[in-house]
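Colleague: Sharing a structure with you now.
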Amino acid sequence: MIKRVGWLAVVLAALVVGVAAAQHPLLDMAAGQVTQKYQQATCEQLWEQRGKPKSAREQEIVQLLRGDAQLRT
């Protein structure tokens with residue numbers, strides 16, 4: 001499980017770097033929130049949140065990234 005959390009942190013860090021280069025305000029804000037979430041949360045808190053459904057906003061951003069290859073890069 002710790003490997004998954006570590007992998008997720010690496011992916012999110014890569015997303016933050018990619019988003020910063022792209023200069024998209026919505027994605028910049030989302031990346032900042034994700035970074036802050038993982039910096040402030042304990043492993044136990046992250047484990048509890050993992051089982052909960054994503055908010056509508058999070059789902060919207062994921063769909064946006066899945067639908068636009070340029071934003072993902």
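Colleague: Sort out which residues of region 36-47 are within 11 Å of the chain's Cα centre (by Cα) and either surrounded by 12 or more Cβ atoms within 10 Å (Cβ to Cβ) or of a type in the set (Gly, Ala, Ser) (or both), and write them in order of number. Outline the logic, then answer.
Modeller: Just the residues of region 36-47 that are within 11 Å of the chain's Cα centre (by Cα), to begin with: 36-38.
Listed by number, the residues that qualify are Lys37, Tyr38.
Colleague: I'd like to check something: does region 21-35 contain any residue that is surrounded by 11 or more Cβ atoms within 10 Å (Cβ to Cβ), of a type in the set (A, V, I, L, M, F, W, C) and closer than 17 Å to Trp7 by Cα?
Modeller: yes
Colleague: Do you know which of the residues in region 28-71 that are farther than 18 Å from Ala9 by Cβ and hydrophobic (A, V, I, L, M, F, W, C) is modelled with the highest pLDDT?
Modeller: Filtering region 28-71 for residues that are farther than 18 Å from Ala9 by Cβ and hydrophobic (A, V, I, L, M, F, W, C), the one modelled with the highest pLDDT comes out as Ala56.
Colleague: Applying the selection to region 48-59, what residues are surrounded by fewer than 13 Cβ atoms within 10 Å (Cβ to Cβ) and not polar (S, T, N, Q)?
Modeller: Glu48, Arg50, Gly51, Lys52, Pro53, Lys54, Ala56, Arg57
The values are calculated or read from the model by the stated rules, or taken from the named source; none is laboratory data. Nothing here was measured: the structure is a model prediction, and the numbers come from that model. Reconstructed Cβ throughout: ideal geometry from the backbone, glycine too, with neighbour counts over all protein chains shown.
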